[in-house]
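The block underneath contains the structure these notes are about, expressed in structure tokens.
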Amino acid sequence: MLYVPQASAVAYCALRDPVAAIQQLFPGRTTYKTFVGTVGRNIRPTLATELPFDFHFDEFGRHSLYAIFRDGRPEGFVQARSELGQWGLVEIVWALDLDLKILDFVFQRNRNPASRYIENSDFKDLLRGRGVDELAVLLTQLESGTLAEPDIPQKAMPLARIVIESAMKVIVVAGVVWEQDIMDVRALAAATREFSDADHVSIRPDPYDEARFGRLGASQLPEDSVFDRSTVRSFAVLDSGGDFLGSVLSTEFDTPTSHESLWWVVTNDGRVKSVNAQGGWSNLEARASIGSLDRTIEELSTCATPGELALLEVMLVARMTRP
């Protein structure tokens, strides 16, 4: 279960002063929850695939990821990384949004005199909103000398490269090591957007378990799904007293023309309240692809479009996995 944190959690981390660092990156009244995980050699194949540079063996070990909350609602993540630079270790504290895109960074330790060219707003704006693929393009432009803006002096280039590579590492490592924790935080974010009294979420059993699926309505679904069913996750949304408010589902919507990650919120009476995109589509595009949400299972019994098939399956899965 993932609860809205009522106080700051404490755990082993590279952050010397978590409260100060988090306040700098997420100003205002925030709380945080700490997830401790092991960056092991088992993720080396993923790193080799995702990163166009080597990941040093000294970077393996136990690390912490902080989930940041404002007024009980998840806002993003913070993690610190240590990188080896010309002037010794460079310790960078990263702020990521819920989609693991770069929001901001601060140096916790950095003796490089060229750091003023890298920690200014122009360079930070270059990184903001970028994921791994966009950062890889940026790194290529930096190394080839084709980066248009901002103008980075030659003496600051090595540090700029370190920072961009660090940004790519933090995204990839967080997504692998803390995959389930991040999924839980995202589910809570979806829940708190729609239910003002949502207190926590709890992941539900596999909705496609043969016994449950057969008993609760699998016969109403076509054999071929618009979802990758192996990736569908269902969460129960509960208030502070443990009463069931509704469900949150994460799905991969897969058609011949698109592949999108979608979050769905379903009320306790089985009505789809919202659908939001994670990544490629805008929320408006996601909603348009599905059509009207105000339909019943019976009305969708003869589906004609991928959007209708998706809506029907979400409603059935929510019904199958409710407490």
Can you tell me which residue among Gly270, Gly241, Gly279 is at pLDDT 85 or above and at positive phi? Gly270
Restricting to segment 101-134, give me the number of residues that are modelled with pLDDT of 90 or more, within 12 Å of Ala160 (Cα to Cα) and among the hydrophobic types (A, V, I, L, M, F, W, C). 4
Yes/no for Ser202 being surrounded by fewer than 16 Cβ atoms within 10 Å (Cβ to Cβ), at pLDDT 90 or above and not basic (Lys, Arg): no
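Condition check ((1) surrounded by 15 or more Cβ atoms within 10 Å (Cβ to Cβ); (2) touching a His at 6+ places or on another chain (Cβ under 9 Å); (3) closer than 28 Å to Ser282 by Cα) across all residues:
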{"position": "Phe77", "(1), (2), (3)": "yes, no, yes"}
{"position": "Gln86", "(1), (2), (3)": "no, no, no"}
{"position": "Leu98", "(1), (2), (3)": "yes, no, yes"}
{"position": "Ala114", "(1), (2), (3)": "yes, no, no"}
In the same structural domain as Ala48 (by TED's automatic domain parsing), among the charged types (D, E, K, R) and over 17 Å from Val185 (Cβ atoms): which single residue out of Glu134, Glu75 fits that description? Glu134
Which ones in segment 24-56 are touching a residue at least 12 places away in the same chain (Cβ under 8 Å), part of a helix (DSSP H, G or I) and polar (S, T, N, Q)? Gln24, Thr46
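With Val90, Val78 as the choices, which residue is in contact with a helix residue (DSSP H, G or I) (Cβ under 8 Å, 6 or more places away or on another chain) and either more than 30 Å from Trp263 (Cβ to Cβ) or of a type in the set (Asp, Glu) (or both)?
On the way: Val78 fails: either more than 30 Å from Trp263 (Cβ to Cβ) or of a type in the set (Asp, Glu) (or both).
Answer to the check: Val90.
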Quick one: is Leu159 free of Cβ contacts under 8 Å to residues at least 24 places away in the same chain and surrounded by 16 or more Cβ atoms within 10 Å (Cβ to Cβ)? no
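For segment 145-155, does any single residue satisfy the condition of being in contact with a Ser or Thr (Cβ under 7 Å, 6 or more places away or on another chain) and either assigned by TED's automatic domain parsing to the domain that holds Thr34 or acidic (Asp, Glu) (or both)? Quick ask: steps written out before the conclusion?
Let us first name the residues in segment 145-155 that are in contact with a Ser or Thr (Cβ under 7 Å, 6 or more places away or on another chain), namely none.
Scanning segment 145-155 turns up no residue that is in contact with a Ser or Thr (Cβ under 7 Å, 6 or more places away or on another chain) and either assigned by TED's automatic domain parsing to the domain that holds Thr34 or acidic (Asp, Glu) (or both).
Would you check which residues across segment 227-270 are surrounded by fewer than 15 Cβ atoms within 10 Å (Cβ to Cβ) and within 19 Å of Thr192 (Cβ to Cβ) and list them? Full working, then the answer.
Looking only at segment 227-270, we keep the residues that are surrounded by fewer than 15 Cβ atoms within 10 Å (Cβ to Cβ), and these are 228, 230-231, 239-244, 255-259, 269.
Asp239, Ser240, Gly241, Gly242, Asp243, Phe244 - these are the residues of segment 227-270 that are surrounded by fewer than 15 Cβ atoms within 10 Å (Cβ to Cβ) and within 19 Å of Thr192 (Cβ to Cβ).
Give the residues of segment 78-129 that are over 13 Å from Ala156 (Cα atoms), part of a loop (DSSP other than H, G, I, E, B) and either of a type in the set (A, V, I, L, M, F, W, C) or more than 27 Å from the chain's Cα centre (by Cα) (or both), sorted by residue number. Spell out the reasoning first.
Taking segment 78-129 as the starting set, the residues that turn out to be over 13 Å from Ala156 (Cα atoms) are 78-84, 88-109, 121-122, 124-129.
Then keep just the ones that are part of a loop (DSSP other than H, G, I, E, B); that gives 97-101, 128-129.
Leu98, Leu100, listed by residue number.
Within segment 265-307, can you find the residues that are assigned to a helix (DSSP H, G or I) and either farther than 16 Å from Ser250 by Cα or out of contact with any strand residue (DSSP E or B) (no Cβ under 7 Å at 6 or more places or on another chain) (or both)? Working first, answer last.
First pass over segment 265-307, keeping only residues assigned to a helix (DSSP H, G or I): 283-290, 306-307.
Within segment 265-307, Leu284, Glu285, Ala288, Ser289, Pro306, Gly307 qualify.
The values are calculated or read from the model by the stated rules, or taken from the named source; none is laboratory data. Computed from a predicted structure; not experimentally measured. Backbone-built Cβ (ideal geometry, glycine too); neighbour counts: all protein chains shown.
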